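First the structure, in the form of structure tokens, and then the observations on it.
Bear in mind these aren't lab numbers, they're just calculated from the coordinates by the rules spelled out. Because the structure is predicted, anything quoted here is derived from the model rather than measured. Counting neighbours? That spans all protein chains shown, and the Cβs are built from the backbone with ideal geometry, glycine included.
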2 protein chains.
Amino acid sequence: MDAIEELAIQPCTSSLYLRPFRLTYRQNGTKKFWDFMRTHDSVSVLIFNTSRQCFVVVKQFRPAVYMCEVERQHPQLFQNRDKESFSRLEDPLPAVVGVTYELCAGIVDKPHLSLEEIACEEILEECGYRVPVTNLKKITSYRSGVGVTGSRQTLFYAEVTDQMRTSEGGGQPEEGELIEVVEIPLEDSMKFAYDETLPKTMGVIFSFTWFQNNIAPKLPKK
Amino acid sequence: MDAIEELAIQPCTSSLYLRPFRLTYRQNGTKKFWDFMRTHDSVSVLIFNTSRQCFVVVKQFRPAVYMCEVERQHPQLFQNRDKESFSRLEDPLPAVVGVTYELCAGIVDKPHLSLEEIACEEILEECGYRVPVTNLKKITSYRSGVGVTGSRQTLFYAEVTDQMRTSEGGGQPEEGELIEVVEIPLEDSMKFAYDETLPKTMGVIFSFTWFQNNIAPKLPKK
């Protein structure tokens, strides 16, 4: 498990990652505004390893998730703080409360690459499998964070074999990524999906369910 | 369809709705920081009208989704702008590109109410059905926006009848809400879920699928 230490928070007045904008408009005659954030579209991939009949997902420490849990315990933490204050978290919660299970995923920030090519890069970087683009099947796309970002996410399905594994994965440490690759056996997957004690994204739950409905019936019988 | 006019955007330097923070920490010995936003947890509800065998969802103009489409057409829009600039959108796209189908949903901001009570309030406000709390069944919970907000969403299922409809719904106009209630017939629902020309959240797709797996088999035969 990751060691997470020396936690401190401060209001963030300028960020390379969070780019807030305000849209003003008139809707059916009424003047309104809405604050939103620019983000990139993204891709995510349900990876199924046919050699060992398991899903391949990633697990990582998510500061935003962690801070939700911290606020649940210390509701006053984010209240009434001025722009300059900076507070060290005393007696921090264990890092595990901020660790989530997610599909392999990445942002769409390379205009010269197709969504499928970006997805294949992420599969290699995060999970260590070298997958041909033609192995990818699009499941569907949808809007995420409609209140704040509204970006489009496209979900793919990829089958991999042990032979395709060329590295350990784990993300790009030089970009601060620290990703653990986790295998969920097919027979445990629906129990895993609905176990709320294991923090996860809806993408995991939905895609496992999609697999049960669309792929599992066609698997060769053991 | 909504008339959306006089669109203009500006960088947002201070917002009541977007509250950015920066967490600094040391992970396995390496000093890091992560910018995130505080938001509320939320509830969403898959509503099934048994009187007419249809799902009840909501449809609304989402500025963040709209601006994603605007940027897709005008990639330079958000680039290199200084803090004070304010630009009017010439030849805006039709409002429909920002209209999404979503589950009835709301934020968890009333500490004295249970998640089920908040969900029932939203069903009444947005969709016009008065539903007893005991009619709600929890489907599951998960983490949303793990990169930016990490908040917990809890998904419920509620069966309603025409007799429970006491108003038109439509949200709270005094809070700027302008919500259209839409019925999706059960027999069209999976086609709807996977039709990517109709912008929607993953919650719609997942919950329709959940219904097919868990509720549809038990429905009385016609």
**Q.** Fully extended contour minus Cα-Cα distance, from B:Phe78 to B:Lys110, at 0.36 nm per residue
**A.** 8.0 nm
Q. When you look at the Cβ of every residue in A:29-40, what mean number of other chain Cβ atoms sits within 10 Å?
A. 6
Q. With Cβ to Cβ distances under 13 Å as the rule, what net charge do the other residues near B:Thr154 carry (K, R +1; D, E -1)?
A. -1
Q) How much net charge surrounds B:Arg143 when only other residues with a Cβ under 15 Å from its Cβ are counted (Lys, Arg +1; Asp, Glu -1)? A) 0
Q: Could you order peptides A:8-19, B:50-61 by the average number of other Cβ atoms within 10 Å of their residues, highest first?
A: B:50-61, A:8-19
Q: Sticking with the crude label model, points 7 Å out along Cα→Cβ, report the distance from A:Glu121 to A:Thr24 in nm, one decimal please.
A: 3.8 nm
Q | Percentage relative contact order, segment B:1-96, counting C-alpha pairs under 8 Å, at least six apart | A | 42 percent
Q.
Could you work out the pair-distance distribution P(r) of the protein assembly as shown from its alpha-carbon pairs, with 20 angstrom bin width and percents rounded to whole numbers?
A. 24, 59, 18, 0
Q | Helix-derived mean residue ellipticity, 222 nm - over the protein assembly as shown, DSSP H n ≥ 4, -39500 (n - 2.57), to 500 | A | -5000 deg cm²/dmol
Q) In whole percent, what relative contact order does chain B give with Cα contacts below 8 Å and a gap of six or more residues? A) 26 percent
Q) On average, how many beta carbons from a partner chain sit within 10 Å of the beta carbon of a residue in A:197-208? A) 5
Q. With the radius of gyration and the Kirkwood radius both derived from the Cα set of segment B:19-167, what is their ratio Rg to Rh?
A. 1.08
Q: Under 16 Å Cα to Cα from A:Lys191, which aspartates and glutamates show up? Leave out anything in the same chain fewer than 8 places away.
A: A:Glu102, A:Glu183
Q: Mind listing the long-range amide H neighbours of A:Gly128? Cut-off is under 5 Å, sequence gap 5 or more, other chains count too, H placed in the peptide plane at 1.01 Å from N.
A: A:Gly169, A:Gly170
Q) Looking at this model, which pairs from B:Lys110/B:Lys138; A:Lys110/A:Lys200; A:Lys218/B:Lys138 are more than 22 angstrom apart at the alpha-carbon? A) A:Lys110/A:Lys200; A:Lys218/B:Lys138
